[in-house]
Structure formats: structure tokens, C-alpha cells
Amino acid sequence: MDWFSLLEAAAGLVGGLGDWFTDPVTRESLGEAVRIYWTVLSWATVYAALVIFVSSIDDTFLDLYYWVLTAQNLVLRPFRRIPSVEKLRAMPEKRLAILIPAWQEADVIARMVDHTIQELDYTAYDIFIGVYPNDADTIREADALVARHGNVYRANVGHPGPTSKADCLNWIIQNAIARELQTGRRYDAFVMHDSEDVIHPLSFKVMNAWLDRADMVQLPVLSMPRAWNALVAGHYMDEFAEWHTKDLVVRSHMTAQVPSAGVATALSRRVIDLLNAERENLPFNTDSLTEDYDIGHRLYEAGFKSAFVRYFARVRLTTPKGRRRTRVELVCTREFFPDAMTVSVKQKSRWMLGISYMGWRQLGWVGPLVHRYFLYRDRKAIWTAPTGMLAYFITLQWALYWLVSAAIPEAGGLPPLIDPKSWVWSIVLINFWFLVNRLVHRMIFTGITHGFKYLVMVPVRMVVGNYIGFLAAARANRRWIVHRVTGVAITWDKTMHSYPSPEEIRRTQSSFASHERPVAARPALPETLTAGLAASVPAAPRPALPAPSQTPFIFDLDRRAGALMERAPAPPPMPVPARIAETLS
């Protein structure tokens, strides 16, 4: 019995098809089709093996670099001066403006801001919530927060949404600058966060210290813990644990450049001032969907220093049972990532559009070789994501053929996809060990970050993550083609967020709500700025301000800024990177 006999027997079960299969011309045509299909599959196997081999060499190099760097850090640790928590708390606090873009975030923004203000071990900060005039629900929640807290302000975007996160951030920054001109108190840095972020109590203390050393400070971002068998949400736990424990550490060491994660990112005042001057009060690139990634590269090209800070705080805390103990914990930001396949695909396609497609077109391939190497790593998902799914398909095809051949030996008449004595077979075997290496590293960083109970499902979550990456790549490719053909702008591709309950936060980091720290009274600050921008939405009653100008908002900001700067003493001069100075001359 051969393949044609099997097909003929199967066709005989369907009326009329049996005679068709007995026709010699049909049998010859089918035979040729099967041979062509098998040949194409064989060449696809060669392609997939080579692409995976090259990508795996790249990943393994990063693994080796990380372990060498880790060994070096262990040797040098006794000679490094890392400030203790007590020294962090003793440092004078820089004044921070916290920027939170909020488009359709009414469900989470209040819990996020209330929890942040309650738990932060920091006093010199204001929170600005960016809202759109056609998002009444979020405006209502923002106004309630403004009424409850003296350091929360509503920053209105001057046009309906959605636009892009970069556009919203630009409006928030201009609101913050106008606010400081009214109060006469200057912000030393601007911190980006999202409405779903769970911020560690010591985050701003760490930023406050490292802003003396760098103009951009990035803290780690991790997923909130999920159920051990959650596949979609769980794969974010695995990926961010590896990225923010290994990949960014290596990148920072090799290039002295860190791409912003969009949250837990602090930008010095001189960065914002110079970018405002360079880009006409639009510091963030509104043509990008990943403004965080874009600004990190632009600061690197301009000569600014950035730092990725993994700070482990030794803190004293009180357990729910009233016992006091000391705990070492990573100062980071956590959040709930999507737990639904469709939402995850939408989010990751936005990341791929901004980083791979728009980043390639807008940033190009600039900088020294090591910088271009990481640009390649950022963009290789364009072809590695589809190749990974092709490899799964080939493996499934081969497995089915092997099962049929094992059950019916006469059916195994096709040649092997790969000659066991060929160089391609050697590449496939090497790729298998590369896969084992990837699984081991993923398990190591997941176990260290989240606990060993999550290890058993790492292999399954890796497959799920690859499938999501493939769908995201296809969606990003389709949106990019439509954008290039039609010229239609790519807008903010909204994904809904959720914020953890207090109990979920306590299970994640027992330090929340239990740090033994001095508590300082937070001074009440004046009324929020630009209430007139969204006058159609009633705001909570606050002390009255002078009537706003009837001129367009952004020009009103500029006019008031110029008037105040004539009266205010100039800040101490700071060195300007040469590449920025050239653009301002």
C-alpha cells in the first residue's frame, strides 16, 4: 500500500471520488503535486533552520555576556559604593512632575493615583493626569482626584482623542511647565508612568539619587504575578523577567544607552528644556507609537547619559501579624499586562509598529557597530516571528508524516525532509540545543523574579508567546502597509487596563503599606491649571484662578512663560551636549 492507495481508499468513502482517483492522469498529477509540496517544504526547512540558527547565536551571545558581567560584578561589588536606603532618604529631594496619559482610563486611574500617593516614600512631586475633552468619564475621575489631593492636577489635551501617547505627553508637559510658572517652583525632572502602574514606594528616591549621574533613569518594569497556569498573561511574566534582568543590563553595559520603557522613566529638566527648544515644545515624537523607545535613542544620539538601575533595597517592614523583619526587594514598577489573546496581539503589534517599522524608518541604522547590533535585535522580530511559526508548522507536518508512516509502513514512501548526513541536519541539531538553552534561561529568570511554582508552564507559555508574536507581526505588517499606501495616520491603538486590588499588591510585595519610614505632611498646592480647556465637563470646586486668556492655549503658555522668565532668576548653567548645541546655534 502506498500514498495513492491510501488516498483512493479515503476517497472511496465519498461518493464519486473513487473513480476519479483511479484515473492515470489524476494519479500522475497528484504525484507531481506531492513531490513539489515536499520539495518546497524541504527548502522552507533549510530557510527556517538558518534564520533560527543566526538568531539563536545572537541570543546566546547575550546570555554569555550576561554571565560574564554578573561574575565581574560579584568580584567588584565590595569596591562599589551603592547608597543605602537611609542615604537615599537623607538626600535632598528633587522636585518631580509625574506624567500620566489617560485616554479612557476611568476604571483604573483613581485607584492608581490614590495608591501611589498613599504609599510613596517621597514628598516633592506633583501628578499631572492628561485627559481629552471627549473622554468625560476619565475627566470626572481626574477631577475627583484633584479634589482629594493637593498635588494632583488635570492636564487637558487641546483636541479630541485618541491621538497618540506622545501627543498626550507633550500636552501634559506644557501644562506642568505652565503650572510651575504660576507657582514659581521649578520641576527638576519629569517622570513617565501609566494609569495601571504599581509604583514601588522607593522608586522616586532611587530616581532622585541617580538623576545626579544621568539625564535619563530607567527602573525595571515587571508583570504582576498571575495564576501559574495563565498562558497569555503569564508569558509577559516570563518575557519581562528576562528582558529587565538580563537584556537591558547587557545593553546598558555594552552601549551606555537604555531605551525607555515608557513607564518608570525619569527625564532630567535639561533634557526636556533642550528638546522643547529643538522641537518647538514637542519633546516627544508624535509620529511614533513607541515614543519611549524613540526618545531613548534620540537622547543617545544627542550625547545624553542614561542609566538602567536595578536597585535592591534593604527595608524594614511590619508583617500583617505585627512582626518586624528585614527584606531585600527590587525597586521596580509592576503592572497587569493583558490576559486575553486579542488584546495582547493588539498591544504587541503596536510595539512592533513603533519599534521595528517606525523605528527603522525614522531612526535608521545610526551609531557605532554595537549600537546598530541592538537596533538589529530590536527589529529582527519582523522576520523571526513568522519564521518561528513556519518552524512549528514544519515540525507538525513532519510529526504527522512520521505517525502515519509508523502506523502504516507502506505509506512512508516520501524522501526525508532533511538528509541526516547533510550540514542542514547539523544546523537543526544545534538549533535544538539552542532551544534548550533558551528554555533554561527563561526558567532561571522567571524563577528568580516570580518564584519556582511558575517554572512548570514556561515551555508552554513560550509557544503561546511565539504565536502571539506571529499574530502581532502580521497585524503590524498589515497596518504599516495600509499606512504607507493610503497615508492614513496610525493612531493610539488602545488596550484596556486593570489595576490590582490592595490584597494582590500585598501578595506581590509585602513592603507596600508596611515600610517603616518617616511620614511627612504633603503641602496643599494651588488649583489646577487650564480648567477652561474642558469647560463642557464640570470640574470639582477649587480656589479660583484669574480668567484664562482667550488666545490659543499653547501660545498663552508661551506668553506667560516669557513674562515669568524675565522676572525669575536664571537656573545655574549646565553643559549642553555638542550635538544638541549645534541644533540650537
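The values are calculated or read from the model by the stated rules, or taken from the named source; none is laboratory data. Given the structure is predicted, the values throughout are model-derived calculations rather than measurements. Here the Cβ is made from the backbone with ideal geometry for all residues, glycine too, and neighbour counts use every protein chain on show. Surface accessibility is based on the protein's heavy atoms, side chains included, excluding ligands, DNA and RNA. Shrake-Rupley method; radii C 1.70, N 1.55, O 1.52, S 1.80 Å.
Among the residues of segment 242-298, the ones that are more than 26 Å from residue 61 (Cβ to Cβ), touching a strand residue (DSSP E or B) at 6+ places or on another chain (Cβ under 9 Å) and not charged (D, E, K, R) come to 12 in all. Restricting segment 113-147 to residues that are assigned to a strand (DSSP E or B) and of a type in the set (Val, Ile, Thr), the residue that is surrounded by the most Cβ atoms within 10 Å (Cβ to Cβ) is 131.
Is it true that residue 79 is farther than 30 Å from residue 149 by Cα, open to solvent by 40 Å² or more (accessible area, probe 1.4 Å) and modelled with pLDDT of 95 or more? Taking the combined requirement at face value, the residue does not satisfy it. When residue 317 is tested against (1) open to solvent by less than 20 Å² (accessible area, probe 1.4 Å); (2) at pLDDT below 90; (3) of a type in the set (A, V, I, L, M, F, W, C); (4) outside any strand (DSSP E or B), just one condition goes unmet, and that condition is (4).
Residue check: is residue 204 surrounded by 24 or more Cβ atoms within 10 Å (Cβ to Cβ) and aromatic (Phe, Trp, Tyr)? In short, yes. Among the candidates 448, 430, 418, the residue that is aliphatic (A, V, I, L, M) and either surrounded by 16 or more Cβ atoms within 10 Å (Cβ to Cβ) or farther than 27 Å from residue 61 by Cβ (or both) is uniquely 418. In the set (1) open to solvent by 10 Å² or more (accessible area, probe 1.4 Å); (2) out of contact with any helix residue (DSSP H, G or I) (no Cβ under 7 Å at 6 or more places or on another chain), residue 296 fails one condition alone, (1). The residues in segment 348-372 that are in contact (Cβ under 8 Å) with a residue 40 or more places away in the chain and outside any loop (DSSP other than H, G, I, E, B) can be counted, and the count is 16.
For the criterion of being of a type outside the set (Lys, Arg), open to solvent by 30 Å² or more (accessible area, probe 1.4 Å), closer than 26 Å to residue 196 by Cα and part of a loop (DSSP other than H, G, I, E, B), residue 378 fails. The residues listed here are 150, 158; of these, the one that is touching a helix residue (DSSP H, G or I) at 6+ places or on another chain (Cβ under 6 Å) and surrounded by fewer than 20 Cβ atoms within 10 Å (Cβ to Cβ) is 158.
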